[in-house]
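These notes concern the structure reproduced below.
Just so it is clear, none of the values below were taken in a lab; they were calculated from the coordinates. Keep in mind it's a predicted model, so treat the numbers as computed, not measured. Cβ atoms come from the backbone with ideal geometry, glycine included; neighbour counts cover every protein chain shown.
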Amino acid sequence: MQIREYILRRLMIFPLIIIGTSIIVFTLSRVGGNPIAIYLEHEMTPAEVAEIEERYGLNDPLPVQYLAWAGGVLTGDMGWSGVSAQPVTEALLDRVGATLELALFAAVVAVTLGIGLGTFGGARRDRLPDHLTRVFSISGASMPIFWFAILLLILFWVNLGWVSIGRSDPTIFASIAHPTGLYTVDAILAGSLTAFLDALAYMALPAITLGFGATAIIARMMRSSLVEELNEDYVDAARAKGLPEKLVLRRHARRNALIPTVTVIGLGFGFLLQGTVVVEIIFRWPGLGRWMADAVLRGDQATIMAYVLFTSVLFLAVNLIVDVMYAYLDRRVVLGA
Amino acid sequence: MTAPAASPPSRATAPLVVSVQDLRVHFKVKAGMAHAVDGVSFDVRDGETLGLVGETGCGKTVTARSFLRLVKSPPGIYAGGKIDFWSRDTRRSGGEPVDLLGISDREMLAIRGDRIAMIFQDPAKALNPAMSIGDQVAEVFYQHRSDDLIGERSDRVPTLVRRASRQLTTGPERLALRLPPWRRQSRALRRRVDALVAGALAETQIANPRKIMDRYPHELSGGMKQRVMIAQALACNPDLLIADEPTTALDVTIQARILELIADLQERHGTSVLYISHDLSLVRQMCDRVAVMYAGRIVETGDTPAVFSDPLHPYTRGLMAAVPSATQKRGELQAIEGNVPEMVNPTPSCRFHTRCRFAVDLCRRVDPELLDVGDQGVACLAYASAAELGVPESSLPLVEGPNR
Amino acid sequence: MVELSAPGRIPLPTHGPFAVRVRRLAEVAREVLRNPTTVAGLVIIVALLTMAFLAPVLTEPNTPDPYQMPRDWTMRDAPPGTPGHPLGTTSTGGDVFYGVVWGARTSLQLSVIVVGITVTVGIIVGSLAGFIGGKLDEILMRVVDVFLAIPELIFALAIAAVLGPSFSNIIFALSVVFWVKYARIIRGQIIHIKQNDYVDAARVTGDSRFSIYRKDVLPNSITPVMVQATMDMGGIVLTAATLSFIGLAEAGLAEWGVLVSDGQAGISAGKWWASTFPGLMVFLWALAFNLVGDGLRDVLDPRTERR
């Protein structure tokens, strides 16, 4: 069956692409100056520097260095993170929770708001709600996240004082255990309403900022899919059966319009990932994005490499899942018997 | 407005099911108003099959869709006329018809799928590709027969289940229906619907209806899909079936079977049928009476044999001559020259005059009305009364020549 | 010449007598201009371009390097409306209006250069992949897949980071990241044409592969490439500004991202203008090009709206 082949092919290519990505990442790190610069201190003698270089295998041929590094990655050793003064792997695990939580909430906002807006606009084609939706969508796609974040901060933080920057109130945060690294989940597990609300209060603004771009593209895709579906014969056939318009919209048009919208989820996720870097900087969120930003400014190769590799694998995985899901859904719609 | 021609004696007294009177449907386009349907009138009587024939773009589909108010509303506008409809009950009780263009949306919803049903041209496109056959056909029963589904002990049925039978439930409600307190009844409801669906499918000679119900449209052949559409349409035993080119998208071999099926079901249920088609041979086979449309107007009506053997209107004559037949000598295939005229902001004139061999100056200035000529109806100035029009006899066109 | 497949209510006129081509081009233009949002976008673009070109006229160019923000320690943090500084000044006394105007110039140069490079490289690689096919195609497409696996911003961020903070490195980084889409477009067109029977017919009449390429592939690809390039003009500036914001450009550069970043610190003290206006410019720039790109796509390539 066509779809099985498709899935298999994608699955087989997946590791190849990851390897390719790792090669690029590795090349980058070797291109840009001394990878161990961060370990060097100013007053080291050339001999000491040479010794460190030897220790870290910098005198080996590149392919060997690559394999050494790759091997390390697979066994969980990605070197030392200068910016956070801990092993890279540890630093990654420490921060992944914060970023994942933010991204998840932003994603929830983006999907619900995006689909809702898209449906709202698409069902009222070419009338005011539709035009507003389209303006919103295209603004969202053009919006520089750093600017949007700053505007929101000016409004809600400086002028209104409704939010604070950061991830949490330190006292409240320290009052519960953190098994999962996701503040909200931990708060639920600990049964602490204060902590839960605290988590939400700090997360609201960053999540909205982060989700904005993704909301826009999802809304846009949903709108155009819905308009297309509403033009199809089966929608009229459903009306001809005497079904009320709301039911026709919901059960026939919208449900089918959701299918192609799924394809945008992968794209939207990319938006989210990229956005975290900026959002975490501005909102002082202790996640992977800020980690990367620091590493970039300080030239911490190990961290940069780890971050790029991690986000790429994540991005690839999400896209793979989305594409497979779409192929599965779509075969009912497109594929003939 | 002159009444259309009388039907043959056996049907002349059959009660009216639908009476279209001066229907006008306009479309707003950049250049102005396009008169897609420009004063159409015809009747359909109990038990008869009326064919609405014409070339692409003549407005027959728009006319058909108007019955169920399915014309896309911007840019379409119902600009005039009425469509009177007598349901079985109305006919029995001798009551007044309803004007399909005038009734409320809610009343229209009650009629759609129940009293008047429609089957569409391409069954592949007219079925929702993401819903199973069973679910789609079930919708009709839920919508119109929910009381039957609930049964007589309606007081013993929980509200939630009752809402489900009318398709009024929201998401969370639907989830709740899977839970124990409501599950049994909800399943019973499902079983009853499925039985009705299976019955409807079996009527269209689908073998193994239960298996088909679980399938999706793309898994079925074209002929099967059309049977499903027919089953869906006839599920509630409608008074009128509108068939919009039901076999155009099908293989020739399947066409015959489907047509037979429709005819058979029609006889069994006493349904009246409005057949839209551009295929003359099909219409000749299937329809008791025929109405020929051109550029938004009816140009000729009458009993099928009469219109086919003795067409009165120049357009109809052209049509009959253009259809190749086995007896025709080679080289005689005649096309009608010219093109469909401007339908935007038209002036009074005969719409066919640009292509008509017999057109005279008068044809460009006067709208011909549909007139009785014996048992047929024609809209051509050649059959008009000069006196009534107030013009000299000599200004009328003359339609002559051998008929088919 | 056969006008292929693709989509488009109005295909671009690339053949035929000159007069016909001009007339049809006018048709396309008219159709594009029919959309009010597209027109709005064009208006904004014209305004931005004017600003960029007239920078030395609108403001007193800074010495020695006009692309560096001027400093004036006597005029720090002046609010908008201060005489001589309609949009206020930054924390180092630089005129915000100056930054806005010269930032436009910077952005223009940046986007034109990057688009130029990426389109060229993309076309070359895509053509090679499409024409030579076989193993080379496989390999090149895997490479493209790999490039696409890394989210754009993050990729550019990493490249600019390892090369060192400088605007030219940003340009380089963006070029490395943004060329892949064009390669795919061109390759796709070639593959499509190859599958078309027409090619066999042409081969029979002796047309060389290259002339088919010149006469068919290129003209048919212009449309999607144009749409993509327009969108990229916006996206590139957006990404570059983000990179500068994070800190990868030289300090003090008259570039919008840098300005927003510099202005961040003053926000809590109520000095909103140093970040808001430059940020607004980035938004307008991206918005304008997106609007126009969208409008172009609607007219020239309606089907591809899907992906």
- Item | Inter-label distance for B:Val252 and A:Ile7, nm, one decimal - labels placed 7 Å from Cα along Cα-to-Cβ | 4.4
- Please report the Cα spread of the protein assembly as shown along all three principal axes, rounded to whole Å, starting with the longest. 118, 78, 64
- Proxy exposure order for A:Ser137, B:Ser277, B:Ser394, B:Ser132 (fewest C-beta within 10 Å first) is B:Ser394, B:Ser132, B:Ser277, A:Ser137
- Over the residues of segment A:191-333, compute the C-alpha Rg and express it relative to 2.2 N^0.38 Å. 1.41
- Note on the structure: In whole percents, the bins of 10 Å from zero upward hold the Cα-Cα pairs of segment B:115-174 as 19, 41, 28, 11, 1
- Message: To make sure I understand, if each residue's beta carbon is the centre and we count other beta carbons within 10 Å, what order do A:Val277, B:Val37, A:Val64, A:Val49 fall in, fewest to most?
- Response: A:Val64, A:Val49, A:Val277, B:Val37
- Least to most buried among A:Phe146, A:Phe26 (fewest other Cβ within 10 Å first): A:Phe26, A:Phe146
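For chain B, what does the relative contact order come out to in percent, with C-alpha contacts under 8 Å and a separation of six or more? Before the final figure, lay out the partial values.
Values: 722 pairs, mean separation 90.2, N = 404.
Taking the mean separation of contacting Cα pairs over the length of chain B, I get 22 percent.
About the Cα centre of the protein assembly as shown, what is the dipole size in debye to 20, counting +1 per Lys and Arg Cβ and -1 per Asp and Glu Cβ, all else neutral?
Values: 99 positive and 100 negative charges, 389 e Å.
It works out to roughly 1880 debye.
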- Message: If I fit a long axis through the Cα atoms of helix A:255-282 and take the longest principal axis of the Cα atoms of chain A, what angle between them do I get, 0 to 90°, rounded to 10?
- Response: 30
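Given all pairs of different Cα atoms, what value in angstroms does the Kirkwood hydrodynamic radius of segment B:31-124 take?
Working: mean 1/r = 0.0670 Å⁻¹.
Evaluated over segment B:31-124, this radius sits at 14.9 Å.
With n ≥ 4 as the cut-off for DSSP H runs, can you work out [θ] at 222 nm for the protein assembly as shown, using -39500 (n - 2.57) per run divided by the number of residues, rounded to the nearest 500?
Numbers: 43 runs with 597 residues, N = 1048.
That comes out to -18500 deg cm²/dmol.
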- Message: What distance in nm separates the two pseudo spin-label positions at C:Ser268 and B:Glu267, each 7 Å out from Cα along the beta-carbon direction?
- Response: 9.0
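For the cross-link pairs A:Lys246/B:Lys72; B:Lys30/B:Lys60; B:Lys60/B:Lys125; B:Lys28/B:Lys60; A:Lys246/B:Lys60, which exceed 26 Å when the distance is taken from alpha carbon to alpha carbon?
Values: A:Lys246/B:Lys72 17 Å; B:Lys30/B:Lys60 23 Å; B:Lys60/B:Lys125 20 Å; B:Lys28/B:Lys60 18 Å; A:Lys246/B:Lys60 28 Å.
Correct reply: A:Lys246/B:Lys60.
Rounded to the nearest angstrom and ordered from largest down, what semi-axes does the equivalent ellipsoid of chain B get from its C-alpha gyration tensor (root of 5λ)? Display every interim value, and only then the final one.
Values: eigenvalues 385, 103, 73 Å².
Taking √(5λ) for each eigenvalue gives 44, 23, 19 Å, largest first.
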- Query: Under a Cβ-Cβ cut-off of 9 Å, what is the net charge of the residues other than B:Leu70 that fall near it, where Lys and Arg count +1 and Asp and Glu count -1?
  - Reply: +4
- Counting every C-alpha pair in chain A, the percent lying more than 37 Å apart is 33
- Item | Residue-by-residue Karplus 3J(HN,Hα) for segment A:5-19, coefficients 6.51, -1.76, 1.60, Hz, glycine and proline x | 4, 4, 4, 4, 4, 4, 5, 6, 6, 3, x, 4, 5, 4, 4
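Take peptide B:122-129, look around each residue's Cβ out to 10 angstrom, count Cβ atoms belonging to other protein chains, and average those counts.
Numbers: counts 1, 3, 3, 5, 8, 4, 13, 9.
The per-residue average across the peptide is 6.
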- Message: Restricting things to Cα coordinates, could you compute the convex hull volume per residue of segment B:18-82 in Å³?
- Response: 81
- Report the calculated FRET efficiency for B:Ser73 and B:Asp214 (r = Cβ-Cβ distance, R0 = 35 Å), to the nearest 0.05. 0.45
- Message: Helix A:193-230 against the longest principal axis of chain A: what's the angle in degrees, Cα atoms only, rounded to the nearest 10?
- Response: 50
- Query: With the calculation restricted to Cα positions, what are the radius of gyration and Dmax of segment A:106-178 in angstrom?
  - Reply: 17.4, 53
- Tilt of helix A:62-74 relative to the longest C-alpha principal axis of chain A, in degrees (0 to 90, nearest 10)? 60
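Antiparallel versus total DSSP beta bridges in the protein assembly as shown: what percent is that, nearest 5? The partial results should precede the final answer.
Numbers: 38 of 57 bridges.
Within the protein assembly as shown, antiparallel bridges account for around 65 percent of the total.
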- Normalised convex hull volume, segment B:205-277, alpha-carbon set, Å³ per residue: 92
